[in-house]
1. Less than 11 Å Cβ to Cβ from Gly151, Lys/Arg counted +1 and Asp/Glu -1: what total charge do the surrounding residues give?
2. I'd like to know which of Ala216, Thr140, Leu251 lies farthest towards the positive end of the charge dipole of the stretch 119-257, counting +1 on Cβ of Lys and Arg and -1 on Cβ of Asp and Glu.
3. Extending each Cα 7 Å along its Cβ direction at Ala37 and Glu162, get the distance between those two points in nm, one decimal.
4. So how far, in whole Å, is the C-alpha centre of the stretch 120-169 from the one of the stretch 170-229?
5. Apply the Kirkwood formula to the chain: the hydrodynamic radius equals the inverse of the mean of 1/r over all pairs of different alpha-carbon atoms; give it in Å with one decimal.
6. Note the direction-averaged projected area, equal to a quarter of the hull surface, for the Cα convex hull of the stretch 101-167, in nm².
7. For a quick protection proxy, order the peptides 154-164, 97-107, 120-130, 220-230 by their average other-Cβ count within 10 Å, most packed first.
8. On full extension of the chain, what length is gained from Ala144 through Glu241, given 0.36 nm per residue of separation minus the C-alpha to C-alpha distance?
Amino acid sequence: MNELSHHRRLQIARRLSEGQPVVAIALAREFQISEDAIRRDLRALAAEGRCRRVYGGAVPLANDERPLSARTMQDRAAKQALARAAVGEVTPGQVIFIDAGSTHLALVDLLPEDADLTVVTNAPAIAVAALARGDLRVVTIGGAVDPAVGGCVDATAVAAIELIRVDRAFLGACALSVRDGVGASGHADAAFKRRVVARAATITVLVTNDKIDARAPYQVVALARVDRLVVEHDLAAETREALAAACADALVVAAAA
């Protein structure tokens, strides 16, 4: 790619990052190049997780549509604080499920050392991190990897999780509210998470502030079924009180990052 092409692609990426949809024919006129060249730019940007292709152009990704690799560095300190608050629930000898998610990736390094733990996960990135430790048994849930989820959530994954009984599941949440409980953005992801809930003795949910009272089309589980809900230290007091009332003694507030 030459310098002019690189500069053009950066300009398009900047607009998308600012929340602006782009139209291929308009970009072609603006940059005085063919629509085919613009479509190549948009395909490349979509492959990098910067946009979603639509008919005639591209639109910015919603936060929960961004690939796991793109979400990992976002709010990293807050996610590590949530992970630190959650790992104390893990005890030696447990089989734990770690759902796909950038917050959960932070859990892996914080798990107790040499504690005879088995980590079950549907996320390749989490499996790789767990294997790198050398002291964890790792079981991967296979299937086709959904790039937005960062893990396997198809029928193959559902069939695999049905054969495993876990002591504690760290369940991902695209959204969370008192009324709707834990929500997911995708139908397949929600269906997979529901089977995880059915196979787990206890459920832990780590949630950053941006997920609370966000909207997701598919309900996974009510807050009453969540055994530990870990929230950020600076969550608004009114929201914290409402969540505490909905999930009894399950609420845990993470320390400041």
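Just so you know, all these numbers are worked out from the coordinates, no wet-lab data involved. A quick note: this is a predicted structure, and the numbers were derived from the prediction, not measured. All Cβ positions, glycine included, derive from the backbone under ideal geometry; neighbour counts span all protein chains shown.
1. Details: positive: Lys193; negative: Asp99, Asp146, Asp154, Asp189.
Net of charged neighbours comes to -3.
2. Thr140
3. Distance between the two pseudo-spin positions: 5.3 nm.
4. Each part reduced to its Cα centre gives a spacing of 17 Å.
5. 19.5
6. Details: hull surface 17.9 nm².
Hull-based average projected area comes out at 4.5 nm².
7. Values: 154-164: 15.8, 97-107: 26.0, 120-130: 23.0, 220-230: 20.2.
Going from most to least packed, we get 97-107, 120-130, 220-230, 154-164.
8. 31.0 nm
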